[in-house]
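This report refers to the structure that appears directly beneath it.
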Amino acid sequence: MPWETPFRPRTDNRVTQNFCDGVVTVYAVTDTARPGYQPKPGLTKKVSLRYEEQRLGIQRYYDAMQNQIQVERVLRVPRHGNINNQDVAVTEDGRQYQIDLVQSTVDVYPPALDITLTKIEQEYEVPEDDMV
């Protein structure tokens, strides 16, 4: 009998994810201006997650190019229900990306999401207390 990690279901053949490539922080874009002032888009922290870098497939790359979107990375993160395609992702090196697509993955343990990151045209000011 092979050794199994604790709390892992014994009868599945799913691939185990290790999420050891880095940390990504997901932010919501909100209005950070004081009441009565001109709206100012800013970032509000949602969650920080570890990620595993995924290969950017040629099909995904060219499909995005046909829609005039420049896909830069695909990250696999633990499943978190609060991530959507209107959020901004900031990696530990400070680079900002727009989240273009959030996809649930199958046959992996623990449950995970693939988030497709695109080039961002307007960089936001990241709050200092939220830095990873």
Calculate the length of the line joining the C-alpha centroid of region 39-63 to that of region 75-132, in whole Å. 3 Å
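State whether region 29-105 is rounded, prolate or oblate according to the following rule on the C-alpha gyration tensor (a ≥ b ≥ c being the square roots of its eigenvalues): a/c under 1.5 gives rounded; otherwise a/b larger than b/c gives prolate, and the remaining case gives oblate. Could the numbers behind the result be given before it?
Working: a/c = 2.38, a/b = 1.60, b/c = 1.49.
Prolate, since a/c reaches 1.5 and a/b exceeds b/c.
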The answer for the net charge of residues other than residue 102 whose Cβ lies under 14 angstrom from its Cβ, with Lys and Arg +1 and Asp and Glu -1, is +2
Fluctuation leader among 28, 112, 64 - the chain, Gaussian network, Cα springs under 10 angstrom: 64
Find the relative contact order for the chain and round it to a whole percent, using C-alpha pairs within less than 8 Å whose residues are 6+ positions apart. 26 percent
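Bear in mind these aren't lab numbers, they're just calculated from the coordinates by the rules spelled out. Owing to the predicted nature of the structure, the values given are computational and were not obtained by experimental measurement. Glycine also receives a Cβ, built like all others from the backbone with ideal geometry; neighbour counts cover every protein chain displayed.
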